[in-house]
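See structure below.
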Amino acid sequence: MVTPPQTKAPPLSCDCHFHIFGPYDKFPLDAGRRYTPPEALVPDYLAMADIVGLQRMVIVQPSPYGTDNRATLDAVESFGRHRAVAIAVIDDNVDAATLRGLNDAGVRGVRFNLVSGNGTPVEQLQIMARRLAPLGWHIQVYAEGETIMQLGETLAHLPMSVVIDHCGGVKAELGIAHPQFQALLRLLDSGNAWIKTCSYRVSSTGAPFDDAQANVKALVAAAPERCVWGTDWPHPGMDPVPDAGTLFDQFCTWVPDAATRQHILVDNPARLYGFAAT
């Protein structure tokens, strides 16, 4: 069950981070996966999105599928290309024709998952960036705060935009004065980086994840024009599973200005992912 949020989402609000798993008889998981999630299908997602008020979608290739993007691309077609795009996982064996096909299918970026693995190795970051930049894609990075601190200068100087998952992976208990968070702010200040303000994975206390508030507020204050938000549905690995409606209300409480929320939920995603302005 999803709790209807108390705050109404503005029209064309975008869920910039979620996954589709299955159906497994059609899209089996990769043998190299580190976890086996239950199926999470397009109709299940749409039921949640309708309640929360999310009308645009960015489907992120999850690590249990490795570089097999078929389930993600099939979901783009199911949702409709007018309102859905994808972030794929590939490696440097991909050829130019395949890249063009992925672009035509709605892919707008490539994810480097440095937490769950089973994807593009970090050693391919710069060579992949050079290949992908002409397509107008971006690099999406899921990493812990320590890794972001180590990679910050590299990410800031890639020839394309970089989108950082889950508030940069800096745990809330460290505080925003910690070197990891300050490195994240410097990366944002470079102008090359965007940040996903999905925040519960940086909570140090667990549900209801209130300790992540300072992280989110600092990131929004630093770069409101390059913040986006997502549900992280179906919340892989989380027990208990968070409520997407409650998470949306929490985000709205932490970002109380309606104009700023409009940017984060609608205008920024339209620019980043190439959705129509209206």
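Taking P64, is it under 30 Å from V94 (Cα atoms), touching a residue at least 24 places away in the same chain (Cβ under 8 Å) and touching a Lys or Arg at 6+ places or on another chain (Cβ under 8 Å)? Explain how you work it out, then say what you get.
Numbers: under 30 Å from V94 (Cα atoms): yes; touching a residue at least 24 places away in the same chain (Cβ under 8 Å): yes; touching a Lys or Arg at 6+ places or on another chain (Cβ under 8 Å): yes.
Taking the combined requirement at face value, the residue satisfies it.
Being surrounded by fewer than 15 Cβ atoms within 10 Å (Cβ to Cβ) and either modelled with pLDDT of 95 or more or part of a loop (DSSP other than H, G, I, E, B) (or both) is true for just one of T147, T154. Which residue is that?
Exactly one of T147, T154 is surrounded by fewer than 15 Cβ atoms within 10 Å (Cβ to Cβ) and either modelled with pLDDT of 95 or more or part of a loop (DSSP other than H, G, I, E, B) (or both), namely T154.
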When D50 is evaluated against the numbered criteria (1) surrounded by fewer than 19 Cβ atoms within 10 Å (Cβ to Cβ); (2) in contact with a Ser or Thr (Cβ under 6 Å, 6 or more places away or on another chain), which criterion, by number, is the only one it fails? (2)
Candidate set from the range 191-235 (those that are touching a strand residue (DSSP E or B) at 6+ places or on another chain (Cβ under 9 Å) and of a type in the set (S, T, Y)); member that is farthest from A49 (Cα to Cα): T197
Residue selected from the range 106-127 under the condition under 19 Å from the mean Cα position of the chain (by Cα) and in a helix (DSSP H, G or I), by the criterion surrounded by the fewest Cβ atoms within 10 Å (Cβ to Cβ): V122
Give the range 23-71 a look and list any residue that's of a type in the set (G, A, S) and over 19 Å from the mean Cα position of the chain (by Cα), or say none. A31, G32, A47
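Against the condition closer than 29 Å to L158 by Cα and without any contact (Cβ under 8 Å) to a residue 40 or more places away in the chain, how does A270 come out, does it pass?
Values: closer than 29 Å to L158 by Cα: yes; without any contact (Cβ under 8 Å) to a residue 40 or more places away in the chain: no.
Here the answer is no, as A270 does not meet what is asked.
The values are calculated or read from the model by the stated rules, or taken from the named source; none is laboratory data. Keep in mind it's a predicted model, so treat the numbers as computed, not measured. Don't worry about glycine lacking a Cβ; one is built from the backbone with ideal geometry, like all the others, and counts go over all protein chains shown.
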